[in-house]
Amino acid sequence: MSHIIPRNVPSVEQNWLNDLANAISDPLKLLNMLKIDPTPWQKGLTAKKLFALRVPVSFVERMEVGNPYDPLLRQVLPLEQEFEVHQGYSTDPLDEQDNPIPGLLHKYHNRVLMIVKGGCAVNCRYCFRRHFPYQNNKGNKAVWQQSLDYIATQPQISEVILSGGDPLMAKDHELVWLLEHIAAIPHIKRLRIHSRLPVVIPNRITPTLCELFANSRLQIIMVTHINHANEINAALTTAMTQLKLAKVTILNQSVLLKGVNDSVTALTELSEALFDAGILPYYLHVLDHVQGAAHFFVDDQQARALMAGVINNVSGYLVPTLAREIGGRSSKTPLDLHLE
């Protein structure tokens, strides 16, 4: 298989690193690029002090010029509501921040999650880890080795999940090291990678990365994070094709977000667009109750009604599981739809 995929050269990896370096961090610059009057949004723009703005230009190019309510823009634009403190919301909504081994979360019996890198290519305003202490969970080989040593002593673990931040913020040579060391643990069968980077910077799917996946003994699963059909373009579809040629299973998880995808039409179009791009809908999460994101909340009753509408509109294999994650639970919790 590897002979089909050309070997990487430094300039190829430099493409996505350049895209990353040129990401927008100034809300005024973002609004100016989209020809949106910043005046009504001034109070909210200071919310970047709570959680920095970061969005690659390639993602901005998919936003509608002149529309302050564009569903992609709403995911990244700092808003005044982020300063509100809501009862029932937490800086650690999934009880993850007391992990005894730095960079490692063992929440589920047969799988373990590694915080590979603390940074992301895009800062989503609803992120459940927007308050996570990444400074205590460094993304380097010394920390990864501690995780690997633990995993090697736990024979019930069959799957390693790479998360973050975003694990694909690691450079290709770092991922080569990490995958080789994970594959050397005999009881690990699968490697799952949760990443938004292929969505916002499709150039991240480099030939070296594909060759690495194609040649691994592990079953590789890439879980993209796409919330709206407008996020999917030709470059993303091409990247997904490259992954599939490298024997990677591709799934998607979304978050149900008020003002972004909280309609039957938006969710239906998302499922259809995902499958057209070679991605299977996997989970639709209700919002984790993280402080600063309450304005995205869609209640369970509405979530169930929306999912019922999606079920009526698409084939069964295009219906994601509606679920929430509850800290301390041994698995995600599907929401019963109570359909007649």
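Quick look at the numbers
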{"read-out": "Filtered chymotrypsin sites (Phe, Trp or Tyr not before Pro), segment 279-340: DSSP coil and at most 15 other beta carbons within 10 Å", "value": "none"}
{"read-out": "Loop-located trypsin sites (Lys or Arg not before Pro) in segment 180-234, at most 15 other Cβ atoms within 10 Å (DSSP)", "value": "K189, R217"}
{"read-out": "The chain: relative contact order in percent, alpha carbon pairs under 8 Å with at least 6 residues between", "value": "18 percent"}
{"read-out": "3J(HN,Hα) from dihedral phi, segment 214-228, Karplus parametrisation 6.51/-1.76/1.60, rounded to Hz, x for glycine, proline", "value": "4, 8, 6, 6, 6, 6, 9, 10, 9, 10, 7, 10, 10, 10, 8"}
{"read-out": "Local net charge near H181, Cβ-Cβ under 12 Å (Lys/Arg +1, Asp/Glu -1)", "value": "-2"}
{"read-out": "Length released on extending from F275 to A152, taking residue separation times 0.36 nm less the Cα-Cα span", "value": "40.7 nm"}
{"read-out": "Modelled FRET efficiency - R0 45 Å, D95 with V65, Cβ distances, 0.05 increments", "value": "0.60"}
{"read-out": "Ellipticity estimate at 222 nm from DSSP helix runs (n ≥ 4, -39,500 (n - 2.57)) divided over the chain, nearest 500", "value": "-9000 deg cm²/dmol"}
{"read-out": "For the chain, built as a Gaussian network whose Cα springs stay under 10 Å, the top-fluctuating residue of A152, A323, A52", "value": "A152"}
{"read-out": "Flagged links, alpha-carbon separation over 26 Å, of K107/K141; K35/K171; K43/K138", "value": "K35/K171; K43/K138"}
{"read-out": "Straight-distance crosslink candidates among aspartates and glutamates, where the alpha carbon sits under 18 Å from K49 and sequence neighbours closer than 8 are dropped", "value": "D26, E80, E82, E84"}
{"read-out": "Shape of the chain, Cα gyration tensor, a/c cut at 1.5", "value": "rounded"}
{"read-out": "Gaussian network model of the chain, springs between alpha carbon atoms under 10 Å - residue of K244, K171, K258 with greatest fluctuation", "value": "K171"}
{"read-out": "Length gained when the stretch Q81-K43 is fully extended (0.36 nm per residue, less Cα-Cα span)", "value": "12.7 nm"}
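Laboratory data are not the source of any read-out in this text; all were calculated from the coordinates shown. Only a predicted model underlies this, so the values are computations on that prediction, with no experimental measurement involved. Using ideal geometry, Cβ is built from the backbone for each residue, glycine included, and neighbour counts are taken over all protein chains shown.
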